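The values are calculated or read from the model by the stated rules, or taken from the named source; none is laboratory data. A quick note: this is a predicted structure, and the numbers were derived from the prediction, not measured. Every residue, glycine among them, receives a Cβ derived from its backbone with ideal geometry; neighbour counts consider all protein chains shown. These area figures cover heavy atoms from the full protein model, side chains too; ligands, DNA and RNA do not enter into them. Shrake-Rupley method; radii C 1.70, N 1.55, O 1.52, S 1.80 Å.
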Amino acid sequence: EYGQLPETLQQVTEEYGLQPTPAFTHKVIQLWETVLVRHGLMTVGYPPSGKTWVKDVLAETLKRVADGGDTFMPVTQYCMCP
């Protein structure tokens, strides 16, 4: 179901200098599953909660596992700051 996503996710997380804890990995996969069923989304939460790391790690992971299909494809991020 996830293919190479978990292994690549762990590798990218470590390359970013982060710890691939189960909680962080779960949040990244949750965001990916949300992207699959939504046209757009916002990440909201307290400032030091890891929102930027989750979206950046997911974007890099999907770029690396992109296979030209509908499930794994590169992500284009548009950040809107109020």
> Hey, among G69, G50, G40, G45, which residue is within 13 Å of the chain's Cα centre (by Cα), modelled with pLDDT under 95 and small (G, A, S)?
Replying inline: G50
>> Residue under question is Q19, and the condition is that it be open to solvent by 80 Å² or more (accessible area, probe 1.4 Å) and more than 13 Å from the chain's Cα centre (by Cα); does it hold?
In response: yes
> If you take the residues in region 1-16 that are within 13 Å of the chain's Cα centre (by Cα) and more than 23 Å from G69 (Cα to Cα), which one is least open to solvent (accessible area, probe 1.4 Å)?
Replying inline: T13
>> What are the pairs with Cβ atoms under 6 angstrom where one residue, in region 26-45, is free of Cβ contacts under 8 Å to residues at least 40 places away in the same chain and open to solvent by 60 Å² or more (accessible area, probe 1.4 Å) and the other, located anywhere, is in a helix (DSSP H, G or I) and aliphatic (A, V, I, L, M)? Sequence gap at least six, or different chains.
In response: K27/V54
> Within region 1-19, how many residues are in a loop (DSSP other than H, G, I, E, B), at pLDDT below 95 and of a type outside the set (D, E, K, R)?
Replying inline: 3
>> I'd like to know if region 57-69 contains one or more residues that are open to solvent by less than 100 Å² (accessible area, probe 1.4 Å), among the β-branched types (V, I, T) and in a loop (DSSP other than H, G, I, E, B).
In response: no
